[in-house]
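Input: a single structure, listed below in structure tokens.
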Amino acid sequence: MVYVLLTDGFEEMEAVAPVDLLRRAGAKVVTVGIGGKTVTGSHGIPVVCDVTEESAALDSSLRMLVLPGGPGTEKLHQSAFADRAIRFAFERGLLIGAICAAPSLLGRRGLLRGLRATSYPSYLDDSPGVIAVNEPVVRDGNIITARGPGAATDFALCLVDALFGADKAQSVGKAILKT
């Protein structure tokens, strides 16, 4: 199972592309509303989440956590559930994807120390020990980071690759005319 955490102010492209492409690949993707079942993206698009944080279980069925960026990232920083989910995934070596401002969720917790990562400009400035790189998408071990909305499709395909392998990512990419 894949959890995608959404809160008011999330960047729509960074959330919908991973949800869509992971589902096309066959993943069970669950959108988790932080602060309510319906959340509104940074450009006014409301999304009805599959579950709320109160009913989202952190258990052995979770294989990946995806963190979209946008102005709502600060709300994720303040969310007790988001903190538990990030720590749960990190401590178990699960796949974690973070894009735009969301890599700061990992970096400010010290979870990117010694790892290569990217983000929207300046969002890794408060990340101790990170090796910040200027690339659209970066995978270092089980952590996948991306720069911003323009990299959303490549980010999503990298998530598919990490979960299912290169052949599946190529197949999904071909189906959407990406490759």
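Taken together, the values in this text are just the output of simple stated rules run on the coordinates, not laboratory data. What you are looking at is a predicted structure, and each value in this text was computed from that prediction instead of being measured. Note that each Cβ is placed from the backbone with ideal geometry, even for glycine, and that neighbours are counted across all protein chains shown.
Modelled spin labels at ARG108 and ALA175, positioned 7 Å past Cα toward Cβ, are 3.6 nm from each other. For the range 2-169, the Cα-based Rg and Dmax, in that order, read 14.0, 38 Å. Residues whose amide H comes within less than 5 Å of that of GLY97, counting only those at least five positions distant or on another chain, are LEU65, VAL66, LEU67, ILE144 (H built at 1.01 Å from N in the peptide plane).
Rounded to the nearest whole Hz, the Karplus-based 3J(HN,Hα) values (6.51 cos²θ - 1.76 cosθ + 1.60, θ = phi - 60°) of the range 73-87 follow the sequence 4, 4, 5, 5, 4, 8, 7, 5, 5, 4, 4, 4, 5, 4, 5, with x at glycine and proline.
Approximating the spin labels as points 7 Å out from Cα along Cα→Cβ, the ASP167-to-VAL51 distance works out to 3.1 nm. Our summary gives the chain a relative contact order of 21 percent, counting only alpha carbon pairs under 8 angstrom and 6 or more residues apart. Cβ under 10 Å from GLY69's Cβ, GLY69 left aside: what net charge do those residues give with Lys, Arg +1 and Asp, Glu -1? Summing Lys/Arg as +1 and Asp/Glu as -1 gives -1.
Taking other C-beta atoms within 10 Å as the exposure proxy, TYR3, TYR120 rank TYR120, TYR3 from fewest upward. Using 0.36 nm per residue and subtracting the Cα-Cα separation, the extra length available between ASP140 and SER60 on full extension is 26.5 nm. The count of lysine pairs in the chain whose Cα atoms are under 21 Å apart, excluding pairs fewer than 8 places apart on the same chain, comes to 5. Each residue in ILE176, ILE99 was given a count of other beta-carbon atoms within 10 angstrom of its own, and listing them fewest first yields ILE176, ILE99. Over all other residues within a Cβ to Cβ distance under 14 Å of GLY9, the charged ones net out to -4, with Lys and Arg as +1 and Asp and Glu as -1. The distance from the alpha carbon centre of the range 114-179 to that of the range 63-85 is 17 Å, rounded to a whole number. With K and R counted +1 and D and E -1, the other residues having a Cβ less than 14 Å from that of ASP154 yield a net charge of -1. Footprinting exposure proxy ranking of GLU54, GLU14, fewest other C-beta atoms within 10 angstrom first, gives GLU54, GLU14. Each of HIS43 and GLU74 was given a label point 7 Å from its Cα along the Cα-to-Cβ line. The distance between the two points is 2.2 nm. Using a Gaussian network for the chain with springs between C-alpha atoms less than 10 Å apart, which of these wobbles most: LEU58, LEU157, LEU105? Per the Cα network of the chain with a 10 Å cutoff, LEU58 tops the list.
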